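See structure below.
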Protein chains: 2
Amino acid sequence: MRLGEIGEMGLIKLLSRDTILSPAGVRVGIGDDTAVLEPGENRLLLATVDMLLEGEHFLPETITPRALGHKALAVNLSDIAAMGGVARHALVAIGIPADREVEEIEAIYAGMKELAGQYGVNIVGGDTVRSPRGLVVSVTVLGEVEEENLTLRSAARVGDKILVTGDLGKSQAGLALLLGKTKHPLPEAVAREATEAHCYPRPRLREIRTLLATGAVRAVNDISDGLAKDLGEIAESSGVGAELWPEEIPISGATRAVAAAAGEDPLAYALYGGEDFELLFTADPQGVEALLACGQREGIPLKVIGEVKPAAAGLTLRWRDGRVQALRPGGWDHFQGQGEGR
Amino acid sequence: MRLGEIGEMGLIKLLSRDTILSPAGVRVGIGDDTAVLEPGENRLLLATVDMLLEGEHFLPETITPRALGHKALAVNLSDIAAMGGVARHALVAIGIPADREVEEIEAIYAGMKELAGQYGVNIVGGDTVRSPRGLVVSVTVLGEVEEENLTLRSAARVGDKILVTGDLGKSQAGLALLLGKTKHPLPEAVAREATEAHCYPRPRLREIRTLLATGAVRAVNDISDGLAKDLGEIAESSGVGAELWPEEIPISGATRAVAAAAGEDPLAYALYGGEDFELLFTADPQGVEALLACGQREGIPLKVIGEVKPAAAGLTLRWRDGRVQALRPGGWDHFQGQGEGR
């Protein structure tokens, strides 16, 4: 069915189904001029927005509508996780070319609602408009955090250890596969692992809350633009430097296999690829053992990959054989194109 | 200067200047993963988003960058006003074609900041991305309202009077002028009044708070899609019908002059034109006198234009000579194009 047949109100009615999953705190969802919400007592309010544009952030050839919906919400949930918070509500502004099928838009929402359901996030509002050119999805997420759990980028201190969850470079590996950059076929399990990571990133919302209980977590960022750039943001905000230990950076076998098949460097995927949506954080060195034990107990993959240094040291890679080299900022710049290290 | 020269971080630094106008309640603005805000005590949280797309909602030929920034924020502030609330914070997601000049983007933000400054609204976050095709501006606004001041669309009761602020159809008149639909030149003051209304709509944020003090205001909507459609939304939400008195609908001399020069019906502008961002509301009939007196005292133009009827009566126009006709829903539907009455 074409959008023109169902109209704006028809589409909104269709998309509004099953949007309130945690009714507590929602006075009014979709259907009035604004959403009306009850803020949590003694909580700080978190608010973030991310906009995905067809042709820039995604291509119809490399992502399904359902994965697009998942990803558009996931990138915002990851930002809430990076503040130590709990995600509560989403507002979805979507621009849709008039020739699209209603089923495609429903699939985008299905992907979003599926992920929202896993974290008790409500879709409480939005804007549904016609786009003259290409799909546009802009998702705003509201969350909450207790004062004591707020994890700012500026909280890193010299001597902190640097940790990451999961493994890095996998989203870039998935993209390389989807773009047909690999020069020979790969085992199906490898291909699936990499493309799933690219299309269905898992925000680390539960993991951050578990790790916070150790009291050892300090500055946090999520890996959206690549480890190098996201670490650079912590360093700049905190007024510190940092050294990374490249051999310690977790890179999966699947990521290495894809990189090899594409003739590219898996470490470059990890440093500059971005979109892994893992957590990058610094921790009180006294608490690292407790953190690693917590990770093991709770099934959260955690790795120590470096150390916070004084600002004068800048950002460096220190190899096991003692070599030290400057870490190029790299990562993704939306206007200058790919970072130099990429 | 081109965007490619300054880069994403350079642009964000430039645009982040002077964004926090009411620092109370803002723990972290632009610069971390999310904004961190302190919700007001004993307040409900309001959240709304509107997306404007080049080629659909605006044309570079008919709107300046500064007016675009103003409008992108104003449409959201108007939604907060329609809930009886106070606007607090905005998040701005913007997609920018790479060939645009930095100065154009700065002008968009200047228009937004100017309006934000008038209402103490902070810009606390956003997303700045490259757009492959056309400008995209998606603004999210957060506001607050006391429980007792919340004005839902569903609160209209049979017997309520229907009122509007200001005058209607003026934005449509401005658009007709900008599109060159008028067949002869108009006095400069007329042209200025109409185009200002279209390009720089004034959200009625202060007015609603003043009027709420009378205790007579019930259901409220803002006129974004046209009087007919916006009244229809109140009627549907409240489970009522309504009759409008067409001769009472306030239409300015400038709007009438533009409509005449374009060979169009000024009443159609008022009923179906939209984007006036005036307040449409129903009021306890016992409180109408107090409301009108309040309007006069405070300089808020107010007009009684109809009455709420039982649902079975539907939506009608009742002329002074006794004729009654069905009010076609009309207004703007984003996917079906212009409403039939337009």
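The values are calculated or read from the model by the stated rules, or taken from the named source; none is laboratory data. Everything quoted here is computed from the prediction, not taken from an experiment. Reconstructed Cβ throughout: ideal geometry from the backbone, glycine too, with neighbour counts over all protein chains shown. These area figures cover heavy atoms from the full protein model, side chains too; ligands, DNA and RNA do not enter into them. Shrake-Rupley method; radii C 1.70, N 1.55, O 1.52, S 1.80 Å.
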**Request:** Take the residues in the stretch B:28-49 that are facing chain A (nearest Cβ under 8 Å) and farther than 19 Å from B:V86 by Cα, then tell me which one is most open to solvent (accessible area, probe 1.4 Å).
**Result:** B:G31
**Complete:** Of the residues in the stretch B:96-116, those that are open to solvent by less than 40 Å² (accessible area, probe 1.4 Å) and either farther than 19 Å from B:E8 by Cα or outside the structural domain of B:T48 (by TED's automatic domain parsing) (or both) come to B:G111, B:M112, B:L115, B:A116
**Asked** Under the condition of being open to solvent by 70 Å² or more (accessible area, probe 1.4 Å) and on the phi < 0 side of the Ramachandran plot, which residue from the stretch B:3-27 is modelled with the highest pLDDT?
**Response** B:R27
**Message:** Going by what's in this entry, would B:I80 be described as touching a residue at least 40 places away in the same chain (Cβ under 8 Å) and more than 10 Å from chain A (Cβ to nearest Cβ)?
**Reply:** no
**Message:** Criterion first (under 26 Å from B:N76 (Cα atoms), open to solvent by less than 40 Å² (accessible area, probe 1.4 Å) and assigned by TED's automatic domain parsing to the domain that holds B:A311) does B:L179 satisfy it?
**Reply:** no
**Complete:** Turns out the strands (runs of 3 or more DSSP E) fully within the stretch B:89-186 with at least 2 residues that are under 23 Å from A:L46 (Cα atoms) and within 14 Å of chain A (Cβ to nearest Cβ) are B:122-130, B:136-145
**Candidate set from the stretch B:1-22 (those that are touching a residue at least 12 places away in the same chain (Cβ under 8 Å) and in a loop (DSSP other than H, G, I, E, B)); member that is nearest to A:V75 (Cα to Cα)** = B:S16
**Item:** Hits in the stretch A:233-249 (condition: within 21 Å of the chain's Cα centre (by Cα), open to solvent by 20 Å² or more (accessible area, probe 1.4 Å) and not hydroxyl-bearing (S, T, Y))
**Value:** A:E233, A:E236
**Request:** For residues that are outside any helix (DSSP H, G or I) and either open to solvent by less than 60 Å² (accessible area, probe 1.4 Å) or of a type in the set (A, V, I, L, M, F, W, C) (or both), tally how many sit in the stretch A:187-200.
**Result:** 1
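Looking at B:A93, B:A82, B:A74, B:A87, which one is closer than 18 Å to A:D50 by Cα and either assigned by TED's automatic domain parsing to the domain that holds B:G120 or open to solvent by 10 Å² or more (accessible area, probe 1.4 Å) (or both)?
Exactly one of B:A93, B:A82, B:A74, B:A87 is closer than 18 Å to A:D50 by Cα and either assigned by TED's automatic domain parsing to the domain that holds B:G120 or open to solvent by 10 Å² or more (accessible area, probe 1.4 Å) (or both), namely B:A93.
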**Request:** Quick one: which residue in B:R342, B:R256 is out of contact with any Ser or Thr (no Cβ under 9 Å at 6 or more places or on another chain) and either part of a loop (DSSP other than H, G, I, E, B) or at pLDDT below 95 (or both)?
**Result:** B:R342
